[in-house]
1. From Cα coordinates alone, what are the radius of gyration and Dmax values for the chain in angstrom?
2. For the range 19-173, count all C-alpha to C-alpha pairs, find those more than 23 Å apart, and express that count as a whole percent of the total.
3. Measure off, as a whole percent, the carbon and sulfur share of the 1.4 Å-probe accessible area of the chain, all protein chains present.
4. What does the accessible area per residue of the range 179-244 come to in Å², with a 1.4 Å probe and no ligands, DNA or RNA counted?
5. Calculated from DSSP H runs of 4 or more alone, at -39500 (n - 2.57) each and per residue, what is the 222 nm mean residue ellipticity of the chain, nearest 500?
6. What's the long-distance tail for the range 128-199, i.e. % of Cα pairs beyond 17 Å?
7. I'd like to check one number: the per residue accessible area of the range 28-115, probe 1.4 Å, reported in Å² as a whole number.
8. If you take the square roots of the eigenvalues of the alpha-carbon gyration tensor of the range 183-291 and sort them as a ≥ b ≥ c, do you get rounded (a/c under 1.5), prolate (a/b over b/c) or oblate?
Amino acid sequence: MGRGLYAAYPVFAEAFDEVCAELDRHLGGSVAAVIEEAAELDQTVWAQAGLFAVEVAVARLLGSWGVTPDLVAGHSIGEVAAAHVAGVWSLPDACRVVAARGTLMQELPSGGAMVAVEAGEDQVRAVLGRFPGAVIAAVNGPAAVVISGAERPVVHAATELSAAGIRTRPLRVSHAFHSPLMDPMLAGFAAVTASVGYQPPRIPLVSALTGELASAELTDPEYWVRHVREPVRFADAVTALRAAGARTFVETGPDGVLSALGPRTLEAADGPVAREEAWLPVLRRDRDEAR
């Protein structure tokens with residue numbers, strides 16, 4: 001991810017190298033080498049660092065062409081990148097947060113499970129009530145929910161949902177993110193979020209934790225601890241972006257997953273808003289990156 005842009009555009013390469021240099025100081029390895037070799041990207045610590053580096057470098061590249069955002073938002077680690085782009089953290093402080101977040105998660109015992117469910121949040125919650133330890137990790141659309149937690153209750157909940165005719169799909173993950181299995185790393189992460197500097201965002205940021213336009217909470221260290229543990233409310237964030245006037249959505253990470261999910265958050269398949277929206281992923285799997 002990003003290798004084609006790195007070769008084609010000096011602005012991207014300079015930004016990517018700058019981010020990686022800061023991350024490498026904390027990680028004891030080379031983010032760029034992991035991305036180049038693609039050997040350890042299934043490890044949380046490197047996946048999160050790589051996502052952050054690519055997303056920030058893409059934002060810098062777009063900015064060099066005069067493409068600047070009126071609002072920003074992000075999904076999970078993407079909101080950390082969005083906060084840096086918005087000016088909440090300096091690059092060194094943002095990289096401290098990213099490195100600690102990934103490292104502390106990586107150090108947790110492996111296990112747990114995550115499953116994507118094609119059903120509404122209320123319907124899924126009704127089932128999860130019978131399986132303590134399984135929780136909602138993300139609400140990505142009206143019929144797109146992710147459940148997470150200890151393997152047994154998650155699998156049993158998914159089995160019951162499948163038996164009711166609901167499509168489910170296990171996700172390939174190293175840990176059960178946004179679930180109670182994250183609890184042991186929260187105190188350590190809180191110490192890091194309390195040690196870095198904060199500034200009010202220069203660009204409005206819509207929170208996928210609250211699903212609303214964020215303000216003072218972004219400079220509260222505890223917000224970013226909750227951000228690790230609580231669900232990602234992507235669908236609500238997209239609704240808030242629309243309410244704020246956004247009609248062109250540019251996905252700055254690798255692949256186009258969010259650009260596929262975003263249009264599904266519209267309650268109706270058609271309508272004035274749907275017709276005037278554009279969802280634009282800038283990187284796609286197996287596509288020439290510069291093109």
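1. 18.5, 54
2. 49 percent
3. Result for the chain: 53 percent of the exposed heavy-atom area is carbon or sulfur.
4. That works out to 42 Å² for each residue.
5. It lands at -14500 deg cm²/dmol.
6. 52 percent
7. Using a 1.4 Å probe on heavy atoms only, each residue of the range 28-115 averages 35 Å².
8. Judged from the Cα gyration tensor, the range 183-291 comes out prolate (a/c at least 1.5, a/b above b/c).
The values are calculated or read from the model by the stated rules, or taken from the named source; none is laboratory data. Worth saying up front: this structure is predicted, and the values here are computed from it rather than measured. Remember, those area values only see protein heavy atoms, side chains included, never the ligands or the DNA or RNA. Shrake-Rupley method; radii C 1.70, N 1.55, O 1.52, S 1.80 Å.
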